[in-house]
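None of the figures in this text is laboratory data; all of them are computed from the coordinates on show. Nothing here was measured: the structure is a model prediction, and the numbers come from that model. A quick note on method: Cβ atoms are made from the backbone with ideal geometry, for glycine too, and the neighbour counts reach across all protein chains shown.
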Amino acid sequence: MKWFWCLFFAFWPILGIAVCLVAPGYGWWFPGPAASPLGQRIDDLFYMILIITTLTFIGTQIGLAYVLFTGARRTDPDVQEKAWFSHGSHELEVIWSVAPAFILLFIALYQLDVWADYRVKDLFPHEKMEGLLSEGLHQKRDEHDNMHLAEVTARQFEWRIRYPGFDEDGNLLPLEREPQPTDLYDVNDLHLPASAPVMIMLKSQDVQHSFFLPELRVKQDAVPGLVIPVWFEATKKGEYALTCAELCGWGHYKMKARLVAESDEEFLEYLRELHRKQFFDGVVEAESEEDEDE
Amino acid sequence: MSSATTTAPESGHGHHHHNPEDRLALLKQIWMFSTDHKVIGIQFLVTTLLMLMVGGALALGVRWQLAFPWENMPFFGLLFPTEGGQISPEAYTMLFTMHATVMIFLVIIPVLAGAFGNFLIPLMIGADDMAFPILNALSYWFMWPAIFCFGASFFFGGGPGNGWTSYPVLSAVPEAAPGSGFAQFFWLMGVTLVGVSSMMGSVNYMTTIINMRAPGMTLFRMPLTIWGMFITAILQAFALPVLTAAGFMLVSDRMLGTCFFIPSGMVINNADPTVGGGQPLLWQHLFWFYSHPAVYIMLLPAMGMVSDMLACCCRKPIFGYKPMVYSMAAIAGLGFIVWGHHMFTSGMNPALGMTFMISTVMIALPSAVKVFNWIGTIWGGRPEFNTVFLNCVAFVSMFIVGGLSGIFMAAVPVDIYIHDTYFIVAHFHYVLFGATLFGVFGAVHFWFPKMFGRRMDETLGKWHFFLTFIGFNGTFFPMHLLGVAGMPRRYADPYLHPYLENLLPMNQFMTICACLMGFAQFILLFNFAYSLFKGQKAGMNPWLANGLEWVAPSPPGHGNFAAVPTVYRGPYEYSAPERDDDHWLQTEPPKSSPVPEPPKPEPTPDSAPVGEDTGSSS
Amino acid sequence: MKPWSFLIFCSLALLHLTGCNSSPPQFSNRAEFDDLEPYAQEYVSEVLDSYFGTPTESVAWERLPIEYHFAETTVSGSPSPRKVTLDVSAGGHGSIGPGTEIHFASSNESNWITEWDAATGLATLERKPTQTIAEGEAVIVGPGAILKNGRHLYAQHCQHCHGVSGDGNGPTARYLNPLPRDYRNGRFKFTTTNYDFSPSRDDLDRVIREGIPGTYMPSFKLLKQEEMQAIVEYVRWLSMRGEIEKQLIETALADYTHEAVKLRIDGGASRGEIETEFNKRVAEGEIQESLDVVVDLMVERWKGSDLPENMVQVATNRPPATPESIARGRQLYLDVNNKCASCHGDAGFGDGPQNYAFTPGKPGPGLYDDWNNPVKPRNLHTGIYRGGRRPYDLFCRIRASVKGTPMPKFDTMKEEDVWDLVNYVYSIPYEEEVAGSGRLEEMVDSAESETEPAAAESESNEVASR
């Protein structure tokens, strides 16, 4: 029976690793490769830690299996060896304290860059954002204006989104902190330009939520009372899931929304369409009939 | 009875209603307000094992919903007759909240510190009881108001649905969540009462361990179990007041209109906007300042017990005793400065995030040292593959997984992605179930003979272990993959989101494994009850172990020891080459010693007043 | 005792308990149902059961204006015995696909689609039909499938608040403020149809899509079009079921409530006589007749609600929100005849005197809606527009009211007056903080920016019309 248990403890790590190896094939892995540059760096870090931990896992489990097998062997009727009388080994203790310490410290220090780029305000890609706003979207702006392109307000249980509207010449206005009559509103459908860093204002209307873009590897809690700047960059045009990742009440799972990353023109066209819908006054003409159907 | 510590009464002295042959003597007292630490320990053990079943049933409800969303749910579905047994989402939030609450506050913390701490500390250090026996009894009886409060929140208030972390504003505004009315208040009261219970235990353990050790029991001759309990007690003493204070702040936010955690202008459930100017993150800081050390409160005693059991089962001294002690101390110390890693995505100064990341990553170091030392302990031993040993090896094996997965979330950028996904759930179940509970299962089997004078059934024990291990890994290993796939926690219906749709079959597999695991616990309960009456009789020292508890009768009578034991060596001197016997009791006088210790040692200045205390209380 | 025998017992007990399931979901009855005599109750249950069935075994009553099926169309050809081409000139339904049932009218036979080409309408059938299929034969694709899908989606998304029978009394409902809609009166607050009509399909669709800000009704924007349609049809179906129950109890069976029967007994009739009379009336179809009248009226109303002519009509474009228009709107708002301020308050904070007034028949002071729940007039300063923020939405709120609430309809008010009111209502949230006040320079001299919102509005109108 003891051999069964030795095999049992040796077998399950093999099974575990096998499951992990086949998992991506069944889609039990990341929801697609990271769709943002920062997300790719996060994935790289993830894989680096995965490699280090997997090696450690294999090493320790082999060690465990080895000591179990040799221990079991020692109680065989033909062997009947006494256990070692050893209280430990100073050298080994030093080795297995110092080596992991260096590895762990390396892991910690190696992460700092990505974290800083993600969260330290001074390191935000301001120029690129500025470029997108003033050149890509032709926003009339000066240096005092917000860099944010949308305000996302989480509430139980949906994402309310506010975009800046257009001025009299059809130019995009900068987003103000307070609502404006020209502002455009949508819900659960966040459209933003792709291929450039964009920043949003994250707010909460009631309780704590968390703005989670799994494909972009972005997560930031929306803390009541705070306005939190979040920036991200979708590398490709497309639709991405947007969900809530912080328990916000019974309908937590219902906060299903999407991020649509599109070209600058498409984004502007989307805003114009939003404008047309939002200022629809019920006079049915040929061109506005489709609004009715909506 | 005041003479119990200094003279040497036969076991059972002072208790006239049972004789030493009565193997169930301790159990018979669990209905009473006994101040005997062993009775209190068994009271804790029985209570927590029952609560384990309650918490498990709640977990199965959660699993059912994840595997068969909105299908007719067994048991809980009966609460929803009109809907045909389809539960509502707020019932789901209540299920996972209460699962966590029951498991953490009513199972893991009390089973370690309450049950085994109480039972083992005096026995292992050679004391006749705890320093403050009445306080000790109170610490158990404060559990019941707590259980009542949690139960009341469940039955009268619809159950709190804010998660066991109870983040405000959700938990601070009664309108914010279903069951956030009375239920949340009762829940907070329950947590406070559990805290009171823990605090009384903590004070008691520290005093007992510092003052009541038997002669010769120096600090570094203490079993690692005692070290684990000691460090845990210190952690509780320092961390718990913060939670209690935070809890009262939350209660006053809810009932007195203060706004510690409520910012102004929040419109919740169409109520008037909140006034106030509080900060929800304050709660998170306070809560995790307790709850992160609490994770180690839920682990360190198990680490200690597993060390003791491994050494005994392998007939080999523990590998690196002092490094083990120092790592426990390091874990506890670092445990106080890592709480911020629960809040990496909450909004925090990035520099602070970096600090927390470094401290969190470094806490893996002492954990790693411990794992290596456990493997070193088995290395070169001659293990007997009994239920105790299997559970201990499972502890080590699972703790490796739980520890390694912790590194992912310690790294902030990676944590940005996996925070609040099932990866976290997998991680802490590997630590709290995979490690702690397997350790507890081992400890139940190991010390059962000491508690009741009979051994637990080995066949049933192995089946329980086998099924639990398979069920456990089948349930929780795939959770890592769910987490990587980005499945957030606490979703009643994750499949609403297209990117999670393909995870349904895996969740169904996990639920089946969870049911298997739940079933296996009935084997444990049955084995426990069966062995009480029919188990093989055990003598004083069935495992041929070295610790002081094994020189007391099984079960020990009131006052534990026939005479105050004198300690001559550490507890791990197994297979000493100069002896034929492979164990060497701590109390056995060394042969080489020409002058044996006096049979009736002078009471140390420490233990004398304590002895009087005990006397007056019994 | 053998441990194993006990273990086996335990596991059997466990299996037994796991199998211990509750009964399937049930429609509940309205409170007035309990006032009926038992035989009348039985009759109501029979009628509802035969016309609507149960939530899981629903009946598609063809008389109701509900789209039960994916498509009702004809066969346009049959290239091979197991293949038919269907006429999809009216547009094939998005949900048709492998596994969809197809019902042939002439042979009264069901078959299932295994392959489907939406563009050509070519369907491969699971088995060979027993009769040859003639061209022009009528088929139903997915009989009852929309209702079935609707029920499924409703149970997943809606039921826990709105209840199995659409009574707005699901398990979650008691935690919500305002309460979820009770569909059973056929009244829905936010519609673009005229006062007497039910919501159009588009109205329901819009509410599900956009949610109702300020309430717990979330936006379900990412549901597929087919899913949305199925939910809308199911909600209409529940609403009609509820209406029939209500009408049946309140009109057709009004003579058989406990109270009415007691009065007649006091007047000399015996209980047995009344029951015999009831049975006679049922047998002679008298009650069925009065039910038919009710059903006809209801069907007409629901059908009419989808017709364009019954929508709130707007002839002129919304005028620019000039200070003059806003000032006129303000005048109209304060006008005693319009009574806006009596509920919404002089300053629009929703704190008018009616909030504290007693109305006969109501349980307490203040305003109550048709469901007898207290309601508060909207605070117009929040910038939250529950029924939508389009000018047309506000126009409809004024013209056709918020149905089921004390908000009156202003269907005789001149259109330009309504627009002035709309412009005024839009300006309220910005009364203190005018447009652009978040910007630094505007903060400095906000005195001149009175006209800014108006200007911005008119400009945006121009953009809209481009």
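Listing for the model above:
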{"quantity": "Net dipole in debye of the stretch A:12-126 [+1 Lys, Arg Cβ; -1 Asp, Glu Cβ; about Cα centre; nearest 20]", "calculated": "180 debye"}
{"quantity": "Nearest-0.05 FRET efficiency for A:Ala18 and C:Glu115, computed from C-beta distance (R0 56 Å)", "calculated": "0.90"}
{"quantity": "Inter-site label distance for C:Glu416 and A:Asp142 at 7 Å from Cα along Cβ, in nm", "calculated": "4.0 nm"}
{"quantity": "Chain A: most fluctuating residue of A:Phe280, A:Phe46, A:Phe157 per GNM, C-alpha cutoff 10 Å", "calculated": "A:Phe280"}
{"quantity": "Span-rule helices in chain B, defined as complete DSSP H runs reaching 30 Å or more along the axis (Cα) with Kyte mean at least 0.0", "calculated": "B:37-67, B:182-211, B:224-255, B:387-410, B:458-484, B:504-534"}
{"quantity": "Computed FRET value (nearest 0.05) for B:Phe33 with B:Met255, which takes r as the C-beta separation and R₀ as 41 Å", "calculated": "0.80"}
{"quantity": "Debye, to nearest 20: dipole size of the stretch C:71-143, +1 on Lys, Arg Cβ, -1 on Asp, Glu Cβ", "calculated": "200 debye"}
{"quantity": "Under the Karplus curve 6.51 cos²θ - 1.76 cosθ + 1.60, θ = phi - 60°, whole-Hz ³J(HN,Hα) for the stretch A:29-37, x wherever Gly or Pro sits", "calculated": "8, 3, x, x, x, 4, 9, 9, x"}
{"quantity": "Nonlocal amide H pairs with A:Trp159, under 5 Å, H built at 1.01 Å", "calculated": "A:Asn188"}
{"quantity": "Fluctuation leader among A:Met48, A:Met147, A:Met201 - chain A, Gaussian network, Cα springs under 10 angstrom", "calculated": "A:Met48"}
{"quantity": "In nm, spacing of pseudo-spin labels at C:Gln331 and B:Val46 (7 Å Cα→C-beta vector)", "calculated": "8.6 nm"}
{"quantity": "Percentage relative contact order, chain B, counting C-alpha pairs under 8 Å, at least six apart", "calculated": "20 percent"}
{"quantity": "Cα pair distances exceeding 45 angstrom across the protein assembly as shown, given as percent", "calculated": "49 percent"}
{"quantity": "Spacing of the two label points (7 Å from each Cα toward its C-beta) at C:Gln131 and B:Phe148, in nm", "calculated": "7.6 nm"}
{"quantity": "Over the protein assembly as shown: helical MRE at 222 nm, DSSP H runs n ≥ 4 each giving -39500 (n - 2.57), nearest 500", "calculated": "-15000 deg cm²/dmol"}
{"quantity": "Amide H within-cut-off set for B:Met266, under 5 Å, with H built and near neighbours excluded", "calculated": "B:Thr274"}
{"quantity": "Pairwise centroid distance, computed over Cα atoms, of the stretch A:1-80 with the stretch C:266-304, Å", "calculated": "74 Å"}
{"quantity": "Euclidean distance of C-alpha centroids, the stretch C:144-163 and the stretch A:139-218, integer Å", "calculated": "33 Å"}
{"quantity": "For C:Leu367, residues with placed amide H under 5 Å, excluding near neighbours", "calculated": "C:Val375"}
{"quantity": "Whole-Å distance, taken between Cα centres, linking the stretch B:420-475 and the stretch B:109-167", "calculated": "20 Å"}
{"quantity": "Under Karplus coefficients 6.51, -1.76 and 1.60, residue-wise ³J(HN,Hα) of the stretch B:256-266 in Hz, glycine/proline x", "calculated": "9, x, 6, 9, 5, 10, 10, x, 7, x, 7"}
{"quantity": "Spatially near lysine pairs across chain A, Cα under 19 Å, sequence gap of 8 or more or different chains", "calculated": "12"}
{"quantity": "Charge context of C:Pro213, other residues only, Cβ under 9 angstrom, K/R +1, D/E -1", "calculated": "+2"}
{"quantity": "Student exercise, the stretch A:127-279 dipole from Lys, Arg, Asp, Glu Cβ charges, in Debye to nearest 20", "calculated": "760 debye"}
{"quantity": "Calculated FRET value between C:Glu275 and C:Val59, using beta carbons and R₀ = 22 Å, to 0.05", "calculated": "0.20"}
{"quantity": "Relative contact order, percent, the stretch C:190-251 [alpha-carbon distance under 8 Å, six or more residues apart]", "calculated": "20 percent"}
{"quantity": "Positive-end residue, the stretch C:71-143 charge dipole about Cα centroid, Cβ charges, pick of C:Pro81, C:Gly121, C:Ala134", "calculated": "C:Pro81"}
